[in-house]
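Visitor: The following block contains the structure, expressed as structure tokens.
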Amino acid sequence: MTGGRGRSVAPRELATDPENWPNAVIPDHPQARVVQAIARSLARHVNQEGLSLRRVAALSGVNRQAIANLLVGDSWPDVATLSRLEDGLGIGLYPGSSGPGSRHC
């Protein structure tokens, strides 16, 4: 279960090799793998565009520390955070998405 007490463990801690986040192997937790894929997509975009976390925060309205926590696998991002990041950056972060989810609503 992801909600409730299921969120008491950081996604990266569910990996067999948490130090290798976001490329770590997560064998038994599909939700943590989704968070991992989101973190990989966000990191790739930040690096490709040369963005600082402060810039990502300014573009998205998401707190810089929340972005940092997502990137290192210390948090479970909620729908609002994911949507703000996608809209602010103009990209899809959820696995399999071609653009921000809000464009489909």
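The values are calculated or read from the model by the stated rules, or taken from the named source; none is laboratory data. What you are looking at is a predicted structure, and each value in this text was computed from that prediction instead of being measured. Cβ atoms come from the backbone with ideal geometry, glycine included; neighbour counts cover every protein chain shown. Note: areas computed on protein heavy atoms with side chains; ligands, DNA, RNA excluded. Shrake-Rupley method; radii C 1.70, N 1.55, O 1.52, S 1.80 Å.
Visitor: Mind listing whichever residues of the range 19-38 are surrounded by fewer than 16 Cβ atoms within 10 Å (Cβ to Cβ) and in contact (Cβ under 8 Å) with a residue 24 or more places away in the chain? If you could, list the steps in order and put the result at the bottom.
Guide: Of all residues in the range 19-38, those surrounded by fewer than 16 Cβ atoms within 10 Å (Cβ to Cβ) come to 19-20, 23, 25, 27-28, 30, 37.
Ala37, the sole residue that qualifies.
Visitor: Related question: Which helices (runs of 4 or more DSSP H) does the chain wholly contain that include 2 or more residues that are over 13 Å from the mean Cα position of the chain (by Cα)?
Guide: Details: elements: 30-49, 53-60, 64-71, 79-89.
Those helices (runs of 4 or more DSSP H) span 30-49, 53-60, 79-89.
Visitor: Restricting to the range 47-104, name every residue that is open to solvent by 40 Å² or more (accessible area, probe 1.4 Å) and among the β-branched types (Val, Ile, Thr).
Guide: The answer is Val72, Val79.
Visitor: List pairs: first residue in the range 39-52 and touching a residue at least 40 places away in the same chain (Cβ under 8 Å), second residue open to solvent by less than 70 Å² (accessible area, probe 1.4 Å) and small (Gly, Ala, Ser) anywhere in the structure, Cβ distance under 8 angstrom, at least six positions apart or on different chains.
Guide: From residues that are touching a residue at least 40 places away in the same chain (Cβ under 8 Å), the pairs are Ser41/Gly92.
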